[in-house]
Every structure is written in C-alpha cells, then in structure tokens.
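Q: Take this structure first; my questions come after.
The values are calculated or read from the model by the stated rules, or taken from the named source; none is laboratory data. Note that the structure is a prediction, hence the values are computed from the model and not measured. Every residue, glycine as well, gets a Cβ built from its backbone with ideal geometry; the counts of neighbours run over all protein chains shown.
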Amino acid sequence: MPLIVGYSISGQDNDSTMFGKKVPLKRCPGCGYRLDFLATNPDYAGPIIKGMDFSATYDNQHIVSRAFRDVVLEKGYPGVRFGPFTRDPEHFHLMIDRVVPFDAERRKTRFERLCKVCGDYGDVVRATPAHLRTGSVLDDGFYRTDLFFGSKDAKSALTIVAPRTHDELAISGLQGLEFHPAFGAE
Ligand SMILES: [Zn+2]
C-alpha cells in the first residue's frame, strides 16, 4: 500500500448554492463556465440544512461553522482562511492558500470536454481517494489540490489536511467531517 500522507475532507450537501445564475462571475466566452474557481460570494445566505460544522453547497463550496473556525484558530493551523458572509455570521467559506499537487495519472482522473478557448474541461472526474505528488507525510495544517474536480460551474479543489491535523479534528467533537485517506507517491 502507498503511504498515507494526509486526508481529504468532505461534507454532506447543505441544500444551498453559493453561486446562482444571478451572481456575476467571470465566464469563458467559449464554454460559458466560470473561470475563477477560488472566488467567494459574501452575499451567500448560508446553509439551508443547519447543524453541521462542515458541509458542501451544490456547487461544491465548503462551508464551516464558527465552532470549526474556533478550533482551527485555536490550534493555529496554517494554510486556511475563513470568508465571512454578511447574511450568515455563524458560517464561513473555507478558503485554502497552500497547494499540494494532485497525481491525476495515478488516480486515473478523467478530463472530458476540453474548451479550446479557456483550456479548462467541462468535467474532471475521479478525485478520491486522492493521490498526491509528495513523497512524505504533509506538515500540519490545510492544503488544497492544484486540480479542480467536478462538472461545469461546480468544480472545486479537494480540501486536504495533514495526518496529525486529521487526528486532532477527528476527536474535536465537530460534526459532519468525512475523512478519506490521501496517498503519496510510492
Ligand atoms: Zn471555456
């Protein structure tokens, strides 16, 4: 078995969308899909399904609770920021600055419907279990993959944490975090 170098985190759908049709986003004139997959929307109204400390919108944005933010700030994990929402002060957009390269070849990720105008793909399929281009266990804190997975406007990077960060989050009492092992290069 390849080495486990970290864990990806996912969450349940919270029955909301961060970027509806009315939100002005830069779009490709060729395929019509958004160009910036690191954008945020401060006017997002928050999760419809409440009570989860980590959840996902239908367009695959990770939403965390104030309790989640408190744990991360208390531990001082690097690599992460919290985008505020004017209409929901109890939730935040999880935004990650540190990048770990994803090994699409070993994961056999499929890239479909190449747009010749923006160079992006309509669909990027097969993300987890993540395979990362690193030979060693990740240092504490948060990372995102360099690749964005999913379809159309709903593509997003994987959220990855170091093994020790995983261990601490797993016993933190936070609700709704689903961890999946991320493998390194052999
Ligand atoms: Zn395009």
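Q: Of all residues in segment 50-79, count the ones that are out of contact with any Ser or Thr (no Cβ under 6 Å at 6 or more places or on another chain), assigned to a loop (DSSP other than H, G, I, E, B) and under 21 Å from Lys155 (Cα atoms).
A: So the count comes out to 2.
Q: Report whether or not Asp59 is touching a residue at least 40 places away in the same chain (Cβ under 8 Å) and either of a type in the set (S, T, N, Q) or crowded, with 18+ Cβ neighbours inside 10 Å (or both).
A: Working: touching a residue at least 40 places away in the same chain (Cβ under 8 Å): yes; either of a type in the set (S, T, N, Q) or crowded, with 18+ Cβ neighbours inside 10 Å (or both): yes.
Yes: the conditions hold for Asp59.
Q: Give the residues of segment 148-186 that are buried (at least 16 other Cβ atoms within 10 Å of the Cβ), under 13 Å from the mean Cα position of the chain (by Cα) and closer than 30 Å to Lys21 by Cα, sorted by residue number.
A: Within segment 148-186, Phe148, Phe149, Gly150, Ala154, Lys155, Ser156, Ala157, Leu158, Thr159, Ile160, Leu177 qualify.
Q: Considering only residues of segment 76-127 that are away from the ligand (no atom under 16 Å from the Cβ) and among the hydroxyl-bearing types (Ser, Thr, Tyr), which is farthest from His180 (Cα to Cα)?
A: Thr86
Q: Still on this model: Can you tell me how many residues within segment 1-32 are within 16 Å of the ligand (Cβ to nearest atom) and part of a strand (DSSP E or B)?
A: Going through segment 1-32 one residue at a time, the tally reaches 1.
Q: Anything in segment 1-36 that is under 24 Å from Phe179 (Cβ atoms) and in contact with a helix residue (DSSP H, G or I) (Cβ under 9 Å, 6 or more places away or on another chain)? List them, or say none.
A: Those that are under 24 Å from Phe179 (Cβ atoms) and in contact with a helix residue (DSSP H, G or I) (Cβ under 9 Å, 6 or more places away or on another chain): Pro2, Ile4, Val5, Gly6, Tyr7, Ile9.
Q: Suppose the filter is in contact with an Asp or Glu (Cβ under 8 Å, 6 or more places away or on another chain), surrounded by fewer than 19 Cβ atoms within 10 Å (Cβ to Cβ) and not hydrophobic (A, V, I, L, M, F, W, C); does Tyr44 pass it?
A: no
Q: Would you mind stating whether Pro42 is modelled with pLDDT of 95 or more, part of a loop (DSSP other than H, G, I, E, B) and touching a Pro at 6+ places or on another chain (Cβ under 7 Å)?
A: It is true that Pro42 is modelled with pLDDT of 95 or more, part of a loop (DSSP other than H, G, I, E, B) and touching a Pro at 6+ places or on another chain (Cβ under 7 Å).
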